[in-house]
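Colleague: Mind having a look at this structure? Questions to follow.
Just so it is clear, none of the values below were taken in a lab; they were calculated from the coordinates. Keep in mind the model is a prediction, meaning the values are calculated, not measured. Methodologically, a virtual Cβ is constructed for each residue, glycine included, from the backbone with ideal geometry; neighbour enumeration extends over all protein chains shown.
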Amino acid sequence: MTIRTATDLINDAKRRITEVGAAAVLGMQEQGEPVVYLDVREQNEWNLGHLPRATFIPRGLLESQVEQRVPRDAAVVVYCAAGNRSALAADTLQTMGYTNVRSMAGGFRAWIDAGGPVEG
C-alpha cells in the first residue's frame, strides 16, 4: 500500500476539480447568480463570519447532509479557510453526482483579501 499524505490527497483532488478565484465569486454574488455558496469550515469559523447567503455544512458532515440541503443540479461554489478542505469537498461532491461544482481558490482568506462582504 502506498502511503499518501494530506498534501498528496489535496493535490490529487485539485487536479480533478475546477477552482475559481475569489474575485470571480464576488462577481457572481454581485450579479445575483443562482449559486449555492457552500461553507465547509467548522462551526467556530462560520461564527466569525461567512459569505452572504452561504449554506453551512461542516466538511465532516458533508456526505450525510448535502443531499437533503443542496440539489444535485445546483451550481455550487465550495469554500473553506484556505482552499484545501473545499478542494476535497468539491471532489467528494463530484463523486456523489454533483456536476456544477467549483472550489474557491484561497478560501475565505482570499475572499477577505478581495474585499468580499462578510455576514455573521
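Colleague: If you count the DSSP beta bridges with both ends in the chain, what percent of them are antiparallel, to the nearest 5?
Modeller: Numbers: 1 of 15 bridges.
Once the DSSP bridges in the chain are tallied, antiparallel ones form about 5 percent.
Colleague: Turning to a different aspect of this structure: Run lengths n ≥ 4 of DSSP H only: what is the helix-derived mean residue ellipticity at 222 nm for the chain, with -39500 (n - 2.57) per run over all residues, to the nearest 500?
Modeller: Values: 6 runs with 53 residues, N = 120.
Per the formula, -12500 deg cm²/dmol.
Colleague: In Å, what Rg and Dmax follow from the Cα atoms of segment 18-113?
Modeller: Final numbers for Rg and Dmax: 11.8, 32 Å.
Colleague: Nearest 20 debye, what's the magnitude of the dipole of segment 18-113 about its Cα centre given +1 on Lys and Arg Cβ and -1 on Asp and Glu Cβ?
Modeller: On the way: 8 positive and 11 negative charges, 17 e Å.
I would put it at about 80 debye.
Colleague: According to a simple spin-label model (label point 7 Å from Cα along Cα-to-Cβ), what is the distance in nm between VAL20 and ASN100?
Modeller: Roughly 0.9 nm, to one decimal.
Colleague: Stretched out fully, how many nm does the piece from ASP12 to ALA82 gain, at 0.36 nm a residue minus the Cα gap? All intermediate terms of the calculation are to be shown ahead of the outcome.
Modeller: Numbers: separation 70, 0.36 × 70 = 25.20 nm, distance 1.64 nm.
Length difference between fully extended and current span is 23.6 nm.
Colleague: Can you give me the C-alpha center-to-center distance between segment 38-63 and segment 78-120, rounded to a whole angstrom?
Modeller: Value for the Cα centre distance between the two parts: 10 Å.
Colleague: On to the next question. Can you tell me which of 19-27, 112-120 comes out highest on packing, and rank the rest after it, using the mean Cβ neighbours within 10 Å?
Modeller: The packing order, highest mean first, is 19-27, 112-120.
Colleague: Within 10 Å, count the other beta carbons around each residue, average over each peptide in 49-62, 72-85, and list them highest first.
Modeller: Working: 49-62: 16.9, 72-85: 21.0.
Final packing ranking: 72-85, 49-62.
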